[in-house]
Amino acid sequence: DSGSGYYFGLTCDGRFAFQRWDENGLANLQGWDTHDNISVGANQDNSMGIMKNGNQYVLYVNDAKIAEIQDEKYSTPGYFGPFIAGVNTVNFTVKMSNIEYWNLP
């Protein structure tokens with residue numbers, strides 16, 4: 001598959017981004033902005049959520065809304081899942097305890 005779609009990422013220093021990957025490459029739709037609701041530093045837990053309604057994406061971290069983004073590029077159902085990228089931290093690890101989705105009426 002091409003990897004095309006939307007990506008929601010957090011960094012260890014408290015920043016987040018919402019990105020779109022399409023035929024033109026990776027573009028930041030929002031990011032890399034800081035938010036006080038993101039737990040920073042080593043050995044921290046953060047929960048992430050995205051609610052999609054039409055062309056609107058609402059981002060949540062630790063049960064708080066942190067951003068709303070509108071984009072019309074991809075409107076049909078697709079894939080979702082986690083990704084990790086350790087850039088500045090040796091032996092960077094991520095542990096997931098739960099991943100779910102709901103198809104709301």
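Scanning segment 37-68 for residues that are β-branched (Val, Ile, Thr) and either in contact with an Asp or Glu (Cβ under 7 Å, 6 or more places away or on another chain) or in contact (Cβ under 8 Å) with a residue 40 or more places away in the chain (or both) yields Val40, Ile50, Val58, Val61, Ile66. Per this entry, Gly86 is not counted among residues that are without any contact (Cβ under 8 Å) to a residue 40 or more places away in the chain, within 22 Å of Asn103 (Cα to Cα) and touching a Phe, Trp or Tyr at 6+ places or on another chain (Cβ under 8 Å). For segment 25-37, the set of residues classified as more than 10 Å from Lys73 (Cβ to Cβ) and not charged (D, E, K, R) consists of Gly25, Leu26, Asn28, Gln30, Gly31, Trp32, Thr34, His35, Asn37, listed by residue number.
Just one of the listed residues (Gly25, Gly78, Gly31) is without any contact (Cβ under 8 Å) to a residue 24 or more places away in the chain, closer than 16 Å to Ser4 by Cβ and of a type in the set (Gly, Ala, Ser), and it is Gly25. Only one of the numbered conditions (1) modelled with pLDDT of 90 or more; (2) farther than 17 Å from Ser4 by Cβ; (3) within 12 Å of the chain's Cα centre (by Cα) is violated by Ile50, and that is (2).
The values are calculated or read from the model by the stated rules, or taken from the named source; none is laboratory data. Quantities reported herein were computed from a predicted structural model and do not represent experimental measurements. Neighbour counts are summed over all protein chains in view; Cβ atoms, including those assigned to glycine, are modelled from backbone coordinates with ideal geometry.
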